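Visitor: There's a structure below that I have some questions on.
The values are calculated or read from the model by the stated rules, or taken from the named source; none is laboratory data. Quick caveat: nothing in here was measured; it's all calculated off a predicted structure. Here the Cβ positions follow ideal geometry from the backbone for every residue, glycine too, while neighbour counts run over all protein chains shown.
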Amino acid sequence: MMAFGIPWDRRMFLLIAGLTLTLAALVGFHVVRNQNVVDAVAIVDITGSMNTRDMGSPPGSASRLQAARNALVDLVQSVPCQSRLGLGVFTERISFLLFNPVEICNNYDGLEDALSELDWRMAWQGDSYIAKGLYSAIDIAASLKADLIFLTDGQEAPPLPFTGTPPFEGKLGDVKGLIVGVGGTEKVPIPKFDDEGRQSGVYGPSDVPQDNRIGAAPPGAETREGYNPRNAPFGAPPESGEEHLSSVKTAHLTDLADKTGLTYVELQKSGGIANKLMASAKKRVVPTSMNMAYVPASLALLSLILLYALSLVGDPRLTNRARLARLLSSKSGA
């Protein structure tokens, strides 16, 4: 077929199509669609038990704090752009906000650097009142109108009193998000560090409180050895216990999740928290522009591949004998 004095066949059509599609890919075009994003603040437990090394692959190759940091980096890489993440730490009985939620894609390097710098030496007290720290974190998230990601092993230090978990005075489910249990299920020793930050051994039974001695004495305390109603209402301290050993406190954290309306996730079993957060959070819908240049670019590549394939086959109007004659002629001319 002739058009404007130019012979048109399949190869010419593919060449023009490939050129047109390449130009379309270079110019680019975008499609706008609605995207679910989240606004969250992550509070990381930095108390001493989070130094316990029972995470990673193989188990024991990473501390709980390292695993928590890695989980948050993976989260930032997995949730959609225009999502926002803030960061804070927990120790003693309160959570402390380091910075408000920021957009994750434009601030990825800063978020990654901040997460990598989280360290147990940032803690201002050695106690670990998990329930009170969680309630404090919920207050922070509520003030920011954000969801909460609370990462902890759940180990209360000192242990809970005989009265159990302190009551939650907030509104059930007002703040959505996750309680992420970090740690293995087997009890392992907690590392001990010197003033220079070097590990100097592990905690023994006498190094940590084995029971709670704050508030009223438990029923039956008067029968304990060393009891004195004025000077020793709890009796003598227990000589043994397992509070110097640590594991993820799944039952305690699940109970806290039920009390607050959050969702409990065990990090070691879930592998990641992005999907869990997107499922439980209060999602925000934003219009997102998607670059679709890959579509014409792919079609242009396909056109060039077909053009090359046709050049190998040759002119479809020639007979096999004519193709052979042309091939022999080209060789003899060479």
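Visitor: Out of I190, I179, report the one residue that is at pLDDT 95 or above, over 30 Å from S83 (Cα atoms) and among the aliphatic types (A, V, I, L, M). I'd like the intermediate steps shown before the answer.
Guide: Numbers: I179 fails: over 30 Å from S83 (Cα atoms).
Answer to the selection: I190.
Visitor: Considering every residue within segment 295-310, establish whether at least one is modelled with pLDDT under 80, within 30 Å of F13 (Cβ to Cβ), in a helix (DSSP H, G or I) and hydroxyl-bearing (S, T, Y).
Guide: yes
Visitor: Okay, next question. Kindly establish whether P233 is farther than 18 Å from E156 by Cα and modelled with pLDDT of 80 or more. If you could, list the steps in order and put the result at the bottom.
Guide: Numbers: farther than 18 Å from E156 by Cα: yes; modelled with pLDDT of 80 or more: no.
Against the criterion (farther than 18 Å from E156 by Cα and modelled with pLDDT of 80 or more), P233 does not qualify.
Visitor: Something else now. Looking at G181, G164, G177, G170, which is the one that is in contact (Cβ under 8 Å) with a residue 60 or more places away in the chain and surrounded by fewer than 16 Cβ atoms within 10 Å (Cβ to Cβ)?
Guide: Details: G181 fails: surrounded by fewer than 16 Cβ atoms within 10 Å (Cβ to Cβ); G164 fails: in contact (Cβ under 8 Å) with a residue 60 or more places away in the chain; G177 fails: surrounded by fewer than 16 Cβ atoms within 10 Å (Cβ to Cβ).
Of the residues listed, the single one that is in contact (Cβ under 8 Å) with a residue 60 or more places away in the chain and surrounded by fewer than 16 Cβ atoms within 10 Å (Cβ to Cβ) is G170.
Visitor: Hey, any hits in segment 6-29 for a residue that's in a strand (DSSP E or B), surrounded by fewer than 22 Cβ atoms within 10 Å (Cβ to Cβ) and outside the structural domain of D113 (by TED's automatic domain parsing)? Can you show your working first?
Guide: Step one: filter segment 6-29 for residues in a strand (DSSP E or B), giving 6-7.
Remaining after also requiring surrounded by fewer than 22 Cβ atoms within 10 Å (Cβ to Cβ): 6-7.
From what's left, outside the structural domain of D113 (by TED's automatic domain parsing): 6-7.
Looking for residues that are in a strand (DSSP E or B), surrounded by fewer than 22 Cβ atoms within 10 Å (Cβ to Cβ) and outside the structural domain of D113 (by TED's automatic domain parsing), one finds at least one in segment 6-29, hence yes.
So that you can scan it fast, the table gives a plain yes or no per residue for (1) closer than 30 Å to T288 by Cα; (2) of a type in the set (D, E):
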residue	(1), (2)
D74	yes, yes
C81	yes, no
L85	yes, no
G88	yes, no
S128	no, no
K145	yes, no
I149	yes, no
P159	no, no
F162	no, no
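Visitor: Within segment 162-182, is there a residue that is among the basic types (K, R) and over 17 Å from T52 (Cα atoms)? Write out each step before concluding.
Guide: Within segment 162-182, the subset among the basic types (K, R) is 171, 176.
In the following step, the residues that additionally are over 17 Å from T52 (Cα atoms) were identified as 171, 176.
The answer is yes, given that some residue of segment 162-182 is among the basic types (K, R) and over 17 Å from T52 (Cα atoms).
Visitor: Looking at L72, is it part of a helix (DSSP H, G or I), over 28 Å from D255 (Cβ atoms) and of a type outside the set (D, E, K, R)? Write out each step before concluding.
Guide: Values: part of a helix (DSSP H, G or I): yes; over 28 Å from D255 (Cβ atoms): no; of a type outside the set (D, E, K, R): yes.
No, not satisfied.
Visitor: Sticking with this structure for a sec: From the list A3, A42, which residue is at pLDDT 95 or above and out of contact with any Pro (no Cβ under 6 Å at 6 or more places or on another chain)? Before the answer, list the steps.
Guide: Numbers: A3 fails: at pLDDT 95 or above.
Checking each option against the conditions leaves just A42.
Visitor: Right, next: Tell me the residue from S95, S49 that is closer than 23 Å to K269 by Cβ and outside any loop (DSSP other than H, G, I, E, B), please. Quick ask: steps written out before the conclusion?
Guide: Working: S95 fails: closer than 23 Å to K269 by Cβ.
When all the criteria are applied, what remains is S49.
Visitor: On to the next question. Could we say that L85 is touching a residue at least 40 places away in the same chain (Cβ under 8 Å) and part of a strand (DSSP E or B) here? Give the steps one after another, and end with the answer.
Guide: Numbers: touching a residue at least 40 places away in the same chain (Cβ under 8 Å): yes; part of a strand (DSSP E or B): yes.
The answer is yes for L85.
Visitor: Let me ask another. Scan segment 106-151 residue by residue and report those that are of a type in the set (S, T, N, Q), in contact with a Ser or Thr (Cβ under 7 Å, 6 or more places away or on another chain) and buried (at least 16 other Cβ atoms within 10 Å of the Cβ). Explain how you work it out, then say what you get.
Guide: Pass one, segment 106-151, residues of a type in the set (S, T, N, Q): 106-107, 116, 125, 128, 136, 143.
Then keep just the ones that are in contact with a Ser or Thr (Cβ under 7 Å, 6 or more places away or on another chain); that gives 125, 128, 136.
Residues satisfying the conditions are S128, S136.
Visitor: Under the condition of being without any contact (Cβ under 8 Å) to a residue 60 or more places away in the chain and of a type in the set (A, V, I, L, M, F, W, C), which residue from segment 184-218 is surrounded by the most Cβ atoms within 10 Å (Cβ to Cβ)?
Guide: Per the stated criteria, the residue is V208.
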